[in-house]
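J.: Can you read through this structure? Questions will come right after.
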Amino acid sequence: MGAFLFCSGAVFAQKAERKNVREGNKLYSSEKFTESEIAYRKSLDVNPRSVEGTYNLGNALYKQKKFPEAAEQYQLLTGQAEKMVETEEGKARLASVFHNLGDISMQSKEYAKSVEAFKQSLRLNPLDDETRYNLALAQKLLENQQNQDQDQNQDQQNEDKKDDQENKDDQQQQDQQQQQQDDKKENKTQQEQQQNEQMSQDNAQQMLDAFLQDEKNTQEKVKKAQAQQQQRRKTDKEW
């Protein structure tokens, strides 16, 4: 009885899943992508590992330009790649998954990821001309992006070198100005020292001259006094 109930429940769940997928497909065909998303999510509520439900939900999200959410569903399918490639239908779906992942990466300008996704898609479906064209475009955009990054890096390096040179020039100019100031201070100090030495010499000479003059005056006074005394003696004698 337990096995019978389990089988009955599984059959019921499978029917509910199929019913929601069919409803989602009908809405998707009518380009009612939001409504089809709801239906596909209901199918995944019943069977979260449903390849068809996950694949169709990813497509519905992709049509609504909900690219990150769509990529999340597609990534879930890449985890089941070994199982999917066992059938032609699964292989075709997986090729479409990688194609859409390549487109999503193109939208976000992640061209390296886009190139790898398109390559994976072509390995599964080598005859897909649209994927081949998108791969060539992604490779060209990746090359342009890399060249642009190199140019920007070179410009940045040149700018850094220019800044370094300007900083060196500024530092050199500052050093020169500082040296000039130091030289001026040194010259001023030497001049002050020379002036002080000259003043000391001048003062000493003045003091010596004053002393000699005083000495000369004193001698003259002594001579004059002696002469007066001799004159007095002479006068007294004559008298």
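J.: Pop out the ³J(HN,Hα) list for segment 33-50 in order, Karplus 6.51 cos²θ - 1.76 cosθ + 1.60 with θ = phi - 60°, rounded to Hz; leave Gly and Pro as x.
T.: These are the phi-based 3J(HN,Hα) values: 6, 5, 5, 5, 4, 4, 5, 5, 5, 5, 5, 6, 4, 7, 9, x, 9, 5 Hz.
J.: Using θ = phi - 60° and the Karplus curve 6.51 cos²θ - 1.76 cosθ + 1.60, what whole-Hz ³J(HN,Hα) does each residue of segment 82-91 get, with Gly and Pro shown as x?
T.: Using θ = phi - 60°, the values come out as 4, 6, 5, 6, 6, 10, 5, 5, x, 5 Hz.
J.: List the lysines whose Cα sits under 19 Å from the Cα of Lys223, skipping any in the same chain fewer than 8 residues away.
T.: Lys234
J.: A follow-up question, please. By average Cβ neighbour count within 10 Å, what is the ranking of 217-229, 131-143 from highest down? Before the final figure, lay out each step's value.
T.: Details: 217-229: 10.0, 131-143: 16.5.
So the order, starting with the most tightly packed, is 131-143, 217-229.
J.: Okay, moving on. Work out the charge dipole of segment 8-78 with +1 on the Cβ of Lys and Arg and -1 on the Cβ of Asp and Glu about the Cα centre, then indicate which of Tyr55, Val21, Tyr74 is farthest towards its positive end.
T.: In segment 8-78, that residue is Val21.
J.: Within straight cross-link reach of Lys185, meaning Cα distance under 29 Å, which lysines are found once same-chain residues fewer than 8 apart are removed?
T.: Straight-distance partners of Lys185: Lys168.
J.: Taking +1 at the Cβ of each Lys and Arg and -1 at the Cβ of each Asp and Glu, which of Asn134, Asn158, Leu124 sits farthest along the dipole of segment 122-163 towards its positive end, judged by Cα position relative to the Cα centre?
T.: Leu124
J.: Then there is this: Ranked highest first by average number of other Cβ atoms within 10 Å, how do 61-70, 121-130, 179-188 line up?
T.: Numbers: 61-70: 16.7, 121-130: 14.4, 179-188: 10.0.
Descending mean neighbour count gives 61-70, 121-130, 179-188.
J.: Which value, in debye to the nearest 20, describes the size of the charge dipole of the chain about its Cα centre when Lys and Arg Cβ atoms bear +1, Asp and Glu Cβ atoms bear -1, and nothing else is charged? Display every interim value, and only then the final one.
T.: Values: 35 positive and 43 negative charges, 151 e Å.
Here the size comes out at about 720 debye.
J.: Name the lysines eligible as straight-distance cross-link partners of Lys26: C-alpha to C-alpha under 27 Å, and not fewer than 8 places from it in the same chain.
T.: Straight-line reach from Lys26, under 27 Å: Lys15, Lys42, Lys63, Lys65, Lys66, Lys83, Lys91.
J.: Taking the dipole about the Cα centre of the chain, with the C-beta of Lys and Arg at +1 and of Asp and Glu at -1, give me whichever of Gln206, Tyr111, Gln191 is farthest to the positive side.
T.: Checking the options against the dipole of the chain, the answer is Tyr111.
J.: While we're looking at this one, here's another question. Arrange the peptides 97-108, 157-168, 71-82 so that the one whose residues have, on average, the most other Cβ atoms within 10 Å appears first. Please list the in-between numbers first.
T.: Details: 97-108: 21.2, 157-168: 10.0, 71-82: 16.4.
Packing order, densest peptide first, comes out as 97-108, 71-82, 157-168.
Coordinate-derived values only; no laboratory data. Remember, it's a predicted structure, so these values are computed and weren't measured experimentally. Reconstructed Cβ throughout: ideal geometry from the backbone, glycine too, with neighbour counts over all protein chains shown.
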